[in-house]
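Heads up, the thing below is written out as structure tokens.
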Amino acid sequence: MDLEVGAIIAGKVTGITKFGAFVTVAPGKSGLVHISEISSTYVSDVRDHLAEGQEVLVKIIGVDQTGRMNLSIKAASAPAAETTTTAPTTQPRQNQPSVAAEPSFEDKLKRFMQDSDSKISGLRQYSDKKGSRRRGR
């Protein structure tokens, strides 16, 4: 088995932590998949994406001086994503509705600004009322 940087190999999740998951790739050889290397989307909890005992495909992205391996699941799945781009145009069209259903960054920003302005005006009204009561006494 070739355990060098750039190799894509199968492994088994042996432990899950807040910051990632430990994956055994060969007998006596394991490495860490950092939370940022699990998926191309945001990962808030590793357990939402992985489970102990699960078989995963990982890419070795680094080996430090002590021999610890840094692994990536999203880098291992990148070649699969490249092959789908060369597939017929019907496949990307199937993915478009799910992408279109998510609001754009500008829509999210506009919503945030509206909510923020609303909260600020409510706080100002509350503080104005509170301040006028004290002055009247």
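The values are calculated or read from the model by the stated rules, or taken from the named source; none is laboratory data. Just so it is clear, the model here is predicted, and its values are computed rather than measured. Here the Cβ is made from the backbone with ideal geometry for all residues, glycine too, and neighbour counts use every protein chain on show.
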Of (1) more than 23 Å from the chain's Cα centre (by Cα); (2) of a type in the set (A, V, I, L, M); (3) at pLDDT 80 or above, A87 satisfies all except one. Which?
(3)
Check G67 against each of (1) at pLDDT 90 or above; (2) surrounded by fewer than 10 Cβ atoms within 10 Å (Cβ to Cβ); (3) under 16 Å from G6 (Cα atoms) and name the one condition it does not meet.
(1)
Looking at the range 28-35, can you tell me whether even one residue there is assigned to a helix (DSSP H, G or I) and either at pLDDT 90 or above or over 20 Å from E4 (Cα atoms) (or both)?
yes
Any hit, the range 107-119, residues being closer than 30 Å to T17 by Cα and at pLDDT below 90
no
